[in-house]
Ligand SMILES: [Zn+2]
């Protein structure tokens, strides 16, 4: 049986967390890990997302290389100062309107 007491509370605002699914992203030792459709608890009030201990443990396992990836994707990596400089260059040369 599940009761209201079983429902986890948001650590930020205390509202009841709702079961949802989210994308988890992590960068570990220069490698980017993306896990789609991770079961998560989301606060409908402030948007805080929490993972259960079991899910968090599995995510740790995945980023440690303990699971086979479904597919690979391209990651675009930016250094903030270089991205800023190149974005200003792009907007100066652009005559879109
Ligand atoms: Zn909250």
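Of these, 15, 40, which one is surrounded by 13 or more Cβ atoms within 10 Å (Cβ to Cβ) and in contact with a helix residue (DSSP H, G or I) (Cβ under 9 Å, 6 or more places away or on another chain)?
Working: 15 fails: in contact with a helix residue (DSSP H, G or I) (Cβ under 9 Å, 6 or more places away or on another chain).
Every option except 40 fails the conditions.
Restricting to the range 62-82, and then to whatever is in a helix (DSSP H, G or I) and loosely packed, with under 11 Cβ neighbours inside 10 Å, can you tell me which residue is nearest to the ligand (Cβ to nearest atom)? First the steps, then the outcome.
Our first condition is that a residue be in a helix (DSSP H, G or I); within the range 62-82, this holds for 62-63, 80-82.
Restricting the remaining residues to those that are loosely packed, with under 11 Cβ neighbours inside 10 Å gives 80-82.
Working: 80: 29, 81: 34, 82: 36 Å.
Selected residue: 80.
Does the range 20-47 hold any residues that are more than 16 Å from the ligand (Cβ to nearest atom) and under 11 Å from the mean Cα position of the chain (by Cα), and which are they? Reasoning before the result, please.
Initial filter on the range 20-47 (more than 16 Å from the ligand (Cβ to nearest atom)): 21, 23-39.
Matches in the range 20-47: 21, 23, 24, 25, 26, 27, 33, 34, 35, 36, 37, 38.
Readers should treat all values here as calculations from the given coordinates under stated rules, not as data from a laboratory. Quantities reported herein were computed from a predicted structural model and do not represent experimental measurements. FYI the Cβ positions are ideal-geometry reconstructions off the backbone, even for glycines, and counts take in every protein chain you see.
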